[in-house]
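Each remark here refers to the structure printed beneath this line.
The values are calculated or read from the model by the stated rules, or taken from the named source; none is laboratory data. All of these numbers come straight from a predicted model, not from anything done at the bench. Glycine also receives a Cβ, built like all others from the backbone with ideal geometry; neighbour counts cover every protein chain displayed.
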C-alpha cells in the first residue's frame, strides 16, 4: 500500500437536516492526485477504484459527441472523493493534449490542520 500524504480537515457532513456531524477526514495532496490522474490520462484507459483513501474514476475521451452539447467529442474526465464531503475533478474539455480544467469541492470543510497541529 502506498503512503498517503495530505492534511486532516474537519468536515461538516449533513446526514439529515437535524444531524450534521463534523468529522476529521484526510484530504490528499492535490499535486499527488493530479499526478495520478495525469498517469491515467496518458494511458487513455477507463479506470475505477479507490486511491488516496477515496473512491475515484477516470474516463478517457471518446470521439462521440455528448447529447445536447456543442462540444464535438466527449472529453476525458477524472474525479475523486464525494462533493458533499470533499472532492477534486479534472476535465480535458479542450482536448487530450491541452491542460485540463480543475475543480475542488470543499465548501463543507470547516477547518484544515497542518502537520503537528492539534485537532
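Kindly provide the set of residues from the range 65-76 that are in a loop (DSSP other than H, G, I, E, B) and in contact with a strand residue (DSSP E or B) (Cβ under 6 Å, 6 or more places away or on another chain), ordered by number. It would help to see each step written out before you state the result.
Taking the range 65-76 first, the residues in a loop (DSSP other than H, G, I, E, B) are 65-73, 75-76.
66, 75 - these are the residues of the range 65-76 that are in a loop (DSSP other than H, G, I, E, B) and in contact with a strand residue (DSSP E or B) (Cβ under 6 Å, 6 or more places away or on another chain).
Restricting to the range 53-64, count the residues that are part of a loop (DSSP other than H, G, I, E, B) and modelled with pLDDT under 95. Before the answer, list the steps.
The initial filter retains those residues of the range 53-64 that are part of a loop (DSSP other than H, G, I, E, B), namely 53, 60-61, 63-64.
Then drop every residue that is not modelled with pLDDT under 95, which leaves 53, 61, 63-64.
Matching residues across the range 53-64 total 4.
Taking the criterion of being under 18 Å from residue 8 (Cα atoms), surrounded by fewer than 17 Cβ atoms within 10 Å (Cβ to Cβ), in contact (Cβ under 8 Å) with a residue 40 or more places away in the chain and over 11 Å from the mean Cα position of the chain (by Cα), would at least one residue in the range 29-52 satisfy it?
Step one: of the range 29-52, the residues under 18 Å from residue 8 (Cα atoms) are 29-33, 51-52.
If we keep only those that are surrounded by fewer than 17 Cβ atoms within 10 Å (Cβ to Cβ) as well, we get 29-32.
Still in the running and in contact (Cβ under 8 Å) with a residue 40 or more places away in the chain: 30.
If we keep only those that are over 11 Å from the mean Cα position of the chain (by Cα) too, we end up with none.
Among the residues of the range 29-52, not one is under 18 Å from residue 8 (Cα atoms), surrounded by fewer than 17 Cβ atoms within 10 Å (Cβ to Cβ), in contact (Cβ under 8 Å) with a residue 40 or more places away in the chain and over 11 Å from the mean Cα position of the chain (by Cα), which makes the answer no.
Just to be sure before I move on: is residue 110 in contact (Cβ under 8 Å) with a residue 60 or more places away in the chain, within 11 Å of the chain's Cα centre (by Cα), under 25 Å from residue 24 (Cα atoms) and not in a loop (DSSP other than H, G, I, E, B) in the structure I sent? Walk me through it before giving the result.
Values: in contact (Cβ under 8 Å) with a residue 60 or more places away in the chain: yes; within 11 Å of the chain's Cα centre (by Cα): no; under 25 Å from residue 24 (Cα atoms): yes; not in a loop (DSSP other than H, G, I, E, B): yes.
No, not satisfied.
If you take the residues in the range 93-102 that are more than 15 Å from residue 29 (Cβ to Cβ) and touching a strand residue (DSSP E or B) at 6+ places or on another chain (Cβ under 7 Å), which one is surrounded by the most Cβ atoms within 10 Å (Cβ to Cβ)?
Step one: filter the range 93-102 for residues more than 15 Å from residue 29 (Cβ to Cβ), giving 93-101.
So of that shortlist, the ones also touching a strand residue (DSSP E or B) at 6+ places or on another chain (Cβ under 7 Å) come out as 93, 100-101.
On the way: 93: 15, 100: 21, 101: 13.
Out of the qualifying residues, it is 100.
Of all residues in the range 103-119, how many are at pLDDT 85 or above and surrounded by fewer than 14 Cβ atoms within 10 Å (Cβ to Cβ)? Talk me through it step by step, then tell me what you get.
Looking only at the range 103-119, we keep the residues that are at pLDDT 85 or above, and these are 103-111.
In the following step, the residues that additionally are surrounded by fewer than 14 Cβ atoms within 10 Å (Cβ to Cβ) were identified as 103, 107, 110-111.
Residues in the range 103-119 being at pLDDT 85 or above and surrounded by fewer than 14 Cβ atoms within 10 Å (Cβ to Cβ): 4 in total.
Just to verify a result, which residue in the range 77-96, among those that are assigned to a loop (DSSP other than H, G, I, E, B) and either closer than 24 Å to residue 21 by Cβ or modelled with pLDDT of 95 or more (or both), is nearest to the chain's Cα centre (by Cα)?
Going through the range 77-96, the residues assigned to a loop (DSSP other than H, G, I, E, B) turn out to be 83-85, 92-96.
Those still in the list that are either closer than 24 Å to residue 21 by Cβ or modelled with pLDDT of 95 or more (or both) too: 83-85, 92.
Details: 83: 8, 84: 12, 85: 11, 92: 14 Å.
Selected residue: 83.
Taking residue 44 as meeting all but one of (1) out of contact with any strand residue (DSSP E or B) (no Cβ under 9 Å at 6 or more places or on another chain); (2) at pLDDT below 90; (3) within 22 Å of residue 99 (Cβ to Cβ), write down the number of the exception.
(2)
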